[in-house]
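One structure below.
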Amino acid sequence: MAFRRSPSSTWTESRGKGFNPVATALSESSSIHSDVLYHLTRDVSRVGLEPLSYSIPEAEPDKEDDWNEEAQSLLKGHSMQTDDKIPVVSPSLRAQDNNEGLHFSDGRRKVDYVLVFHQRRHTSVRSPASTSVSHDRLSIVSNGNFPPSRGSDGKEGGGGGSGQVPGGEAVSIGEVFMELDSGGGNEAAEPADHEMHLIRQEFEANLLEAGLEIERDGEVKVHGLSFTRLHAPWPVLCREAEFLKIKVPTKTRYEIKEESAFSSSMSSVWRKLKQPFQPKVHPQDHGPSKFLTHCFSRDKLHLYNITSKDTFFDNATRGRIVYEILRRTVCARTCQTIGITTLIAKGVYDAAFPLHDGDYNATGHPEERNDRQVLHEEWARYSAFYKYQPIDLVRKYFGEKIGLYFAWLGVYTQLLVPASIVGIIVFGYGVATVDTNIPSLEMCDERLNFTMCPLCDGACDFWQLSTACGTARASHLFDNPATVFFAIFMSLWAVLFLEHWKRRQISLSFSWDLTGIEDDEEHPRPKYETILLQKRQRKQKNKKKKKKKKNLPVKQKDGTVTEKDRWRRKLLFAMAAGTPVAIEKLTWKDRLHGYCINVSSILFMFGLTFSAVFGVIIYRITVSALMAMSPDPETKSNVRVTVTATAVIINLVVILILDEIYGAVAVWLTELEIPKTETKFEERLILKAFLLKFMNAYAPIFYVAFFKGRFAGRPGSYVYVFNDYRMEECAPGGCLIELCIQLSIIMLGKQLIQNNIFEIGIPKLKKLVRTLKDKGSAEKEEEEERPPQQWNLDYALAPFEGLTPEYMEMIIQFGFVSLFVASFPLAPLFALLNNVIEIRLDAKKFVTELRRPVAARAKDIGIWYNILSGMGKFSVIINAFVISFTSDFIPRLVYQYMYSQSGTMHGFIDHTLSYFNVSNFKPGTAPQNSDHGDVTVCRYKDYREPPWSPDAYHFSKHYWCVLAARLAFVILFQNLVMFLSLVVAWVIPDIPKTIVEQLKREKKLLVDLFLREEKDKFQLIQSLFGKDTPVAPGGHVLPPGQGFPLPGRYSTLPQYPTRAPTGDGGGGGPRARCRAASFSLYTRKVPPSPRNENSRHTAV
């Protein structure tokens, strides 16, 4: 049986007869790898597996036969050690009712994590039919990090115990084996499957070495899914909790400072008012007292409130601890990779996830429900829309990162309530004053007889301004003096929202013990490691070629090589092998290609967005011209409404399509940049996706708000597109009503279609496809009459793909609410209604439709806060320009206070209309058949000189006055709102005063606790050694307390007493020193930690 070498593994052969070391290639973050497995392997097999410098020597193909022969001889030499052993894992018993599949087969050890891989053919796992054991495995004996447990644990199929293989082979406790080849199976495995199996064996062997316990189904599957269950025992949990600095509650409980009498009474009244809206969840620690928390330490177990080792760390924390072990475990000898993420990317495993807490359907007594059932009943139901979110329970079950998202969404939704109320009041003010608005009444008055110029060339006739009465009245609903107040209010609201969220975030950080946590060290992403490995291989190959040319021995004239040259060559080779290679990383030169593609692709997609907007403009112009030439009078009268509505719907469809395209393109572009860590990848992806989707969603709105009608020209000198079609103009009532229609349809359409239908429909469609795909395997499992376990049910759920889509849709909605809110005061109301549904929809998705994500820690919402802050400042500028340039607010003020004779708005419409002599039409552009008789002058909306003026059709003095007033308003509005925003941010402190006081108090209590513990420890040591009376150097007996000085404020270490030697010398001989004592020696629950190889970590 020959040893199979995979393409990804690097094995080298020496030029001699002995074995050559195995070279491992690791990334720069894997500076520490497993030494225990290496030493044990070398001791047993006597193969020098010495780690070389981080390089990948090329294999020599001509030595493969020698390697195979030597491998066979080695395996035969150690056949007595490899008989009756299994690789890495132990089989489990038949499926039983072990608490709904949440435990190992013994029913006691929890399943903390599940690894899933797909069996396509027989792998190297021994078949049950195999009766003989072939000697083709390299035995690596290791008893893990902890001594083997005795008792029932050793009888089950755990990773640390013994078990029976299907063929009846006995397994010794704690022994780990890596199988190099499989030649005794009934069916040969394909090379790719065999390679994956070897990688899995090494990875799971390293997991066992890290202290985890592993269980797998006993039967061997030819096809289908295989599940590997992982369990972290108590010593591993303690070790990793200390390493991760997880804060846990101590036994010390302190009273929270009570409020004043008035504040306390108001708080109690407010709590009673909120009581009907509170979810019915398990009581949390939010009473008048709070447990003091501290980072976990194995030396201080007696300080923590440990009632049960099984429940001290909740399931989310256990899953996170196991994930950290999986994330840093090294596969050095088979594929040179680190972590489960890389193995999933390479196809070694299909998935890895922690388990949910059983079924989400509540059964039995309400007090017996698990956290998942409580969340489903009190949070993930649409009928609970009126209740507060159980944020603490969400954080406990899903982790801080997801908890912060739902907390932020809840704060945002709550603050939309006052914004919605003010928006309704503003809209109601417009409805109440529409019948008394003088400009609208003048436009609707047929007696004024304003004859307007044609809307198109040739086919369009003159028209009366009174026909646009409906548009003018509708425009007043959103364009009234209250709109300015609402724009200022919403700008301050955005600042207030951000300040309130900062305070809420600090409060949650204190409540969740996130204060002072450090960012976890991240390992490189799989693609980064792959590109870096390829770079090293190329560099090593080039370096080897150069060395080969440089170190060629000098031949004599007769063609012989001297002995001196041979020794010189060997010496240089040895020196080069011992030289450490510098840590490599990818530079900007390696990423230059990706950067160029990024810039060009983003510019191209910007052009694509503008092309889509321009295409809709062409649609509007052409359809307007075609409908204007229609002989049907109803069609002619409804041209503007029909064109506007259909164009907005087309815009919505284009936005939805481009959104999906841009999301995929953003991921592709971010991959080209080759970010090193997941955090950098996520930040760059967010920036690209936000930039593209922001431009896609708001480009049509920006066009209507700031560009439509600005470059249309005037009668007799219009601007044409393709020399045939006139640029479109705003309606007689202004472009604000069209902006309102555009904003409302796009906002409601995106929320209804993309945020709700897509979120509900697409996951269900994916689940249907996955169900149909697995239908065949499901039928086979039904024949076995085996009930599905929790890991089977969770694997059928959709994987968690991050919070970026959830944040993105809310950020885009925040833009609709804040940027153009002056044109649509009802936007906060529709956003509020959407978010009430969105919270329950996301909750239902997380609880019932997604696999349980790893509980990730996070101090804040990250880059999203910066985006929100930037959009809040940008909204001030946008609203200032919308009010001053898009609406008629400034022209009305200028007319009322500068040009009105009576100081009222009477005559405003006539003031805004200019005159045009129809004889100045270009040939072919005048109306061919007019129903209005002989018309000599028509009117159009602009501030231009009349035709009888010396400067005919030039901008009038009124135009420049209005423009100056508009610019002045923009400057005044921005400075006023910015000043008020700074005042609001200054008045509201980022950290609540109560939190500051509690942080100081907790720090003081922790110091007192440790000082008291230290004092008790030294008193205990004093009592143990106090039997020997201290003697002064002169032979005098010291008074009590002088031999053992008590620890004071500045004394942190015990000063052990020494006894002077008897005799006359007074110091000639060596002094007797007492044995150092550790406090853990006198604690029953904390065993002494001897210095042995079992207490060492795996690669970090």
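The values are calculated or read from the model by the stated rules, or taken from the named source; none is laboratory data. Predicted, not measured: the structure shown is a model, and the values here were computed from it. Don't worry about glycine lacking a Cβ; one is built from the backbone with ideal geometry, like all the others, and counts go over all protein chains shown. Note: areas computed on protein heavy atoms with side chains; ligands, DNA, RNA excluded. Shrake-Rupley method; radii C 1.70, N 1.55, O 1.52, S 1.80 Å.
Details
- Any hit, the stretch 821-835, residues being polar (S, T, N, Q), at pLDDT below 90 and not in a loop (DSSP other than H, G, I, E, B): yes
- If the condition is being assigned to a loop (DSSP other than H, G, I, E, B) and either buried (at least 21 other Cβ atoms within 10 Å of the Cβ) or modelled with pLDDT of 90 or more (or both), then the stretch 347-356 contributes Val348, Tyr349, Asp350, Pro354, Leu355, His356.
- Screening the candidates Leu669, Leu658, Leu652 for the property of being in contact with a Gly (Cβ under 7 Å, 6 or more places away or on another chain), assigned to a helix (DSSP H, G or I) and within 29 Å of Phe610 (Cα to Cα) yields one hit, Leu652.
- With respect to (1) surrounded by fewer than 16 Cβ atoms within 10 Å (Cβ to Cβ); (2) of a type outside the set (Ser, Thr, Tyr); (3) in a helix (DSSP H, G or I), the lone exception for Ile991 is condition (3).
- Within this structure, Ser383 passes the test of being over 30 Å from Phe486 (Cβ atoms) and either assigned to a helix (DSSP H, G or I) or among the polar types (S, T, N, Q) (or both).
- Top-ranked residue in the stretch 622-642 [being out of contact with any helix residue (DSSP H, G or I) (no Cβ under 9 Å at 6 or more places or on another chain) and open to solvent by less than 90 Å² (accessible area, probe 1.4 Å); ranked as nearest to Cys460 (Cα to Cα)]: Ala625
- From the options Lys1004, Lys941, Lys1017, residue that is without any contact (Cβ under 8 Å) to a residue 60 or more places away in the chain, open to solvent by 50 Å² or more (accessible area, probe 1.4 Å) and of a type in the set (D, E, K, R): Lys1004
Yes/no matrix, rows are residues, columns are (1) part of a loop (DSSP other than H, G, I, E, B); (2) of a type in the set (D, E, K, R); (3) open to solvent by 50 Å² or more (accessible area, probe 1.4 Å); (4) closer than 23 Å to Met443 by Cβ:
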residue	(1), (2), (3), (4)
Met905	yes, no, no, yes
Ser914	no, no, no, yes
Tyr953	yes, no, no, no
Trp960	no, no, yes, no
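- Number of residues in the stretch 605-657 that are within 18 Å of Ala712 (Cβ to Cβ) and in contact (Cβ under 8 Å) with a residue 60 or more places away in the chain: the value is 13.
- Output for the stretch 922-934, where each listed residue is touching a residue at least 12 places away in the same chain (Cβ under 8 Å) and either outside any loop (DSSP other than H, G, I, E, B) or open to solvent by 30 Å² or more (accessible area, probe 1.4 Å) (or both): Lys922, Gly924, Ala926, Gln928, Asn929, Ser930, Asp931, His932
- Only one of Val394, Val374 that is within 22 Å of the chain's Cα centre (by Cα) and in a helix (DSSP H, G or I): Val394
- Residue in the stretch 396-416 that is farthest from Val374 (Cα to Cα), counting only those that are open to solvent by 10 Å² or more (accessible area, probe 1.4 Å) and touching a Leu at 6+ places or on another chain (Cβ under 9 Å): Leu415
- When we screen Ile649, Ile621, Ile661 for residues that are in contact with a strand residue (DSSP E or B) (Cβ under 6 Å, 6 or more places away or on another chain) and within 29 Å of Ile753 (Cα to Cα), the only hit is Ile621.
- Sole exception among (1) at pLDDT 80 or above; (2) of a type in the set (S, T, N, Q); (3) in a helix (DSSP H, G or I) for Thr228, by number: (3)
- Residue satisfying condition, being open to solvent by less than 60 Å² (accessible area, probe 1.4 Å), at pLDDT 90 or above and of a type outside the set (Asp, Glu), within set Ala699, Ala731: Ala699
- Residue pairs meeting the criteria (Cβ under 7 Å; at least 6 apart or on separate chains; first modelled with pLDDT under 90, in the stretch 431-442; second basic (Lys, Arg) and buried (at least 17 other Cβ atoms within 10 Å of the Cβ)): Val434/Arg473; Ser440/Arg473
- If you go through the stretch 713-727 and keep only what is out of contact with any strand residue (DSSP E or B) (no Cβ under 8 Å at 6 or more places or on another chain), closer than 22 Å to Asn651 by Cβ and open to solvent by 30 Å² or more (accessible area, probe 1.4 Å), you end up with Phe722, Tyr725.
- Test: Ala843 is of a type in the set (Gly, Ala, Ser), under 21 Å from the mean Cα position of the chain (by Cα), in a helix (DSSP H, G or I) and farther than 30 Å from Leu739 by Cβ: yes
- Flag if Ile661 is free of Cβ contacts under 8 Å to residues at least 60 places away in the same chain and loosely packed, with under 15 Cβ neighbours inside 10 Å: yes
- Count of residues meeting criterion [in a helix (DSSP H, G or I) and surrounded by fewer than 21 Cβ atoms within 10 Å (Cβ to Cβ)] in the stretch 847-863: 3
For (1) within 26 Å of Glu728 (Cα to Cα); (2) touching a His at 6+ places or on another chain (Cβ under 9 Å); (3) charged (D, E, K, R); (4) modelled with pLDDT under 80, each residue gets a yes or a no:
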position: Pro454; (1), (2), (3), (4): yes, no, no, no
position: Trp463; (1), (2), (3), (4): yes, yes, no, no
position: Thr467; (1), (2), (3), (4): yes, no, no, no
position: Ala472; (1), (2), (3), (4): yes, no, no, no
position: Ile488; (1), (2), (3), (4): no, no, no, no
position: Ser491; (1), (2), (3), (4): no, no, no, no
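- Failed item, numbered, when Thr530 is tested on (1) at pLDDT below 85; (2) under 30 Å from Pro989 (Cα atoms); (3) of a type in the set (Val, Ile, Thr): (2)
- In the stretch 359-385, the residues that are free of Cβ contacts under 8 Å to residues at least 12 places away in the same chain reach residues that are exposed (fewer than 12 other Cβ atoms within 10 Å of the Cβ) with C-beta atoms within less than 9 angstrom, at least six apart or across chains, in these pairs: Arg369/Thr363.
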